[in-house]
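A quick write-up on the structure given underneath.
We did not get these values from a lab; they are worked out from the coordinates using the rules stated. This structure is a prediction, so every number in the text was calculated from the model and none was measured.
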Amino acid sequence: MKKSIYSILRGTFLVSEDSFKNWKLIIFISVLAIVMIASSHSLDKKVHQIAKLNNQVKELRSELYDGRTKLMQLKMESSVVKKMKEKGLAPSVIPPKKIIVKPQT
């Protein structure tokens, strides 16, 4: 047991005659570790991007509701009448008449 621990600490398993198997395993594990780290970084980037896009969606949705509220207030008859009074116009007191067009035969 002591010999195997000393050989690992000294690195003799890397330079011995049958070390080719060990090098293949070490390289394979190193490549897997690099792929795992790269995919983890990619995932973190995507998570941050999704969070940023969700915040933008919330902001845009809020702006949409604010715009709809302002539009509804502007379309109300009382606000239209108030703005027209500022320009010197008033609503008509005579109701509109319906015009019926008879087809020519």
Solution diffusion estimate, µm²/s, Stokes-Einstein, the chain, Kirkwood Rh from C-alpha pairs, 37 °C, viscosity 0.692 mPa s: 143 µm²/s
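Stretched out fully, how many nm does the piece from Val47 to Leu9 gain, at 0.36 nm a residue minus the Cα gap?
On the way: separation 38, 0.36 × 38 = 13.68 nm, distance 4.07 nm.
Answer, rounded to one decimal: 9.6 nm.
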Angle between the chain longest axis and helix 77-86 axis [Cα atoms, degrees, rounded to 10]: 70 degrees
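Length gain on complete extension for the stretch Gln56 to Leu89, per 0.36 nm per residue less the alpha carbon to alpha carbon distance?
Details: separation 33, 0.36 × 33 = 11.88 nm, distance 4.26 nm.
Extra length from Gln56 to Leu89 when fully extended: 7.6 nm.
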Between helix 19-75 and the chain: long-axis angle, C-alpha atoms, 0 to 90°, nearest 10: 10 degrees
